[in-house]
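K.L.:
Please see the structure below; I have some questions.
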Amino acid sequence: MNKKFTKKDLSFWHNLYIPEIVKGLGLTWKAMRGPKQTMEYPEEKFIPTGSYRGRPVLAMEENGEERCVACGLCSRICPALAIEVQAAETEREKERYPVKFEINMLRCIFCGFCEDVCPEEAIVMSDKYELVFDNREDAIFGKDRLLTPVEQLKPRIEFLRKHK
């Protein structure tokens, strides 16, 4: 039985919303008295966990080779069209490698689709979050700025393997 409430059914105090206002002020007072969440950024750095999705990087093996096999799946799935890959053949075991691998960081939306689709775990969302550019050309990261040793990416790779 649904009983319809009318304005007559509510008390005088409920019509003035006094209980709700008091509850809201109490919640605000409690939050003001609680622990502070502010970080003094330049002096105090944020240390991300393995689940954090920072800027994408290319994983580089211990022998100096990149893991990427230039399949192009990352560039096809990127909703912002931020990734450009050009492949070439090689005599090595992998057969293909990226001659050109660029990510336009102004377009990247840090969605992680490229990381999800990569069959080789070659592109990984790192824990790096500081991005500053003086001009548009500096925002286009090539292989020279993207290649990162696998050792630095271990927390993220372990997180991905655990949650697949």
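K.L.:
Here's a check for you: in the stretch 1-41, which residue that is surrounded by 10 or more Cβ atoms within 10 Å (Cβ to Cβ), of a type outside the set (Phe, Trp, Tyr) and part of a loop (DSSP other than H, G, I, E, B) is modelled with the highest pLDDT?
P.N.:
Among them, the one singled out is 39.
K.L.:
Let me ask something else about it. Just wondering, is there one or more residues in the stretch 37-50 that are under 23 Å from the mean Cα position of the chain (by Cα), basic (Lys, Arg) and under 29 Å from residue 164 (Cβ atoms)?
P.N.:
no
K.L.:
If you don't mind, another one. Answer yes or no as to whether residue 132 is β-branched (Val, Ile, Thr) and either touching a residue at least 12 places away in the same chain (Cβ under 8 Å) or farther than 24 Å from residue 42 by Cα (or both).
P.N.:
So residue 132 does not fit the description; no.
K.L.:
Show the residue pairs meeting these rules: Cβ distance below 6 Å; 6+ apart or different chains; first residue within the stretch 31-51 and closer than 16 Å to residue 127 by Cα; second residue outside any loop (DSSP other than H, G, I, E, B).
P.N.:
50/155; 50/156; 50/159; 51/159
K.L.:
Same structure again: Return yes or no: is residue 82 among the small types (Gly, Ala, Ser), closer than 22 Å to residue 133 by Cα and in contact with a strand residue (DSSP E or B) (Cβ under 6 Å, 6 or more places away or on another chain)?
P.N.:
yes
K.L.:
Right, here's the next one. What is the residue count in the stretch 70-92 for residues that are over 15 Å from residue 116 (Cα atoms) and either touching a residue at least 60 places away in the same chain (Cβ under 8 Å) or among the basic types (Lys, Arg) (or both)?
P.N.:
Residues meeting the conditions: 1.
K.L.:
While we're here: Filter the stretch 52-69 down to the residues that are out of contact with any Lys or Arg (no Cβ under 6 Å at 6 or more places or on another chain), part of a loop (DSSP other than H, G, I, E, B) and touching a residue at least 40 places away in the same chain (Cβ under 8 Å), then identify the one that is surrounded by the fewest Cβ atoms within 10 Å (Cβ to Cβ).
P.N.:
62
K.L.:
Please go through the stretch 42-51 and give me each residue that is surrounded by fewer than 10 Cβ atoms within 10 Å (Cβ to Cβ) and under 29 Å from residue 150 (Cβ atoms), ordered by number.
P.N.:
Correct list: 44, 47, 49.
The values are calculated or read from the model by the stated rules, or taken from the named source; none is laboratory data. Keep in mind it's a predicted model, so treat the numbers as computed, not measured. Don't worry about glycine lacking a Cβ; one is built from the backbone with ideal geometry, like all the others, and counts go over all protein chains shown.
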